[in-house]
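Below is one structure; the comments refer to it alone.
Read-outs throughout are calculated quantities, based only on the coordinates presented, and are distinct from any laboratory measurement. It should be emphasised that the depicted structure is a prediction, and the values quoted were computed from it without experimental measurement. Cβ atoms come from the backbone with ideal geometry, glycine included; neighbour counts cover every protein chain shown.
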Amino acid sequence: MVRIRVLVVDDHRIFAESLAAALAAEPDVEVSAAGSGPAALRCLDRAAAEGRRYDVLLVDADLGSSASALQGARPAVPVHDGQADGLVDGISLVAGVRSGQPAVRTVVLAEKDDPRRAALALGAGASGWVAKDCSLSRLLTVIRGVLRDETHLPPALLTGVLRELTAARKHRTESERLVESLTPREREVLRCMVAGLGRKAVAERLFLSPHTVRTHMQNVLGKLGVHSTLAAVALARRAGVGPADLAGDVVERGGQLA
C-alpha cells in the first residue's frame, strides 16, 4: 500500500493532536504534527535528508497568532515545538515550502472563509483552502485531490478569490508597466535598492558617484510614482524585479503573485 505522508502544522496543540490522531487512523496515511513554522521546516528538512519526504502539509491559516501552544498530556502523535526559533506565519510557510520543496503539496486550514487571504495562499503556492470544521472525509478528499494536482476551494469562496486574483494581476501589470519605463541604468539602481543597498554602496557597486546615484534614485521614484525607497521596493517586487546579485552580476528574477 502506498502511504500518504502528512504533516499537520498548527500551534494549537489540542487541535493538532486531534487532527493528527484522526488522520493516523486511516490505513493509507502516515502523519506527524508540528507546533510552529520553524518546527515544521525542521521536520521537512529531516524527512528529506532521510529520503522520506512528506507529501502534504496541512497548515493553520493563523499559524503564529496564538501567544503559545496549549500544554497537555503526552499526545498520541508527538507535536514538535520550535517557538524558540521565532514565529513563521502560515502564508510565509507555504511560500517557503513551495520554494524549498516544490513537490510537497500544501493545504491551508482556516477558521473562516476569507477571499483575500485564500488568494494570497494560492499565490504563495497552496493547493487548497479548507475550513477547519469540515468533515474528516472532506479533508481526506482534498488531501488525495491535491496529490493529483487538483486545487480545492470552498464553492462559496470561488467568486471572491477570482476577484482578488484578478485585482492582484492587474496591480502587477501596472507595476510592470512602470518598471519598463525606467532606463537600463535606472533598473540596475532599482535592483540594488531591492537588495537593500544604500546610496554609497550602490555608487561603489556601479562605479558611479554618489551624486549620480542620488539623481538616478530620484528619477526611479518619480517614474514609479512613489515617494520612498520602501514603496519603490514594494512596487518592484510586485513587478517581479529581483534584487541585485551581490555575489556577481545584477540579475532579475520573476516574483510571486502578491
Counting alpha carbon pairs within less than 8 Å and at least 6 residues apart, what relative contact order, in whole percent, applies to segment 182-239? 39 percent
Contour minus Cα-Cα span, Ala48 to Leu147, at 0.36 nm per residue, comes to 33.9 nm
Given the Cα-Cα distance of Ala156 and Arg116 and 0.36 nm per residue of separation, how much length would full extension add, in nm? 13.1 nm
Estimated distance in nm for a label pair at Ser135 and Arg163, the labels positioned 7 Å out from Cα along Cα-to-Cβ: 3.0 nm
Sequence order, segment 119-134: Karplus ³J(HN,Hα) from phi using 6.51 cos²θ - 1.76 cosθ + 1.60, θ = phi - 60°, Hz rounded, Gly and Pro as x, gives 5, 4, 4, 5, x, 7, x, 5, 9, x, 9, 10, 5, 5, 8, 6
Put a dot 7 Å past each Cα toward the Cβ at Ala231 and Glu26; how far apart are the dots in nm? 4.8 nm
Scalar couplings 3J(HN,Hα) for segment 217-226 by Karplus 6.51 cos²θ - 1.76 cosθ + 1.60 (θ = phi - 60°), nearest whole Hz, x for Gly and Pro, are 5, 4, 5, 4, 4, x, 5, 7, x, 10
If you take every residue apart from Val31 with its C-beta less than 12 Å away from the C-beta of Val31, what net charge results, scoring Lys and Arg +1 and Asp and Glu -1? -3
If packing is taken as the mean number of other Cβ atoms within 10 Å per residue, what is the order of 111-123, 44-56, highest first? 111-123, 44-56
Residues whose placed amide H lies under 5 Å from that of Asp11, excluding near-sequence neighbours: Gly64
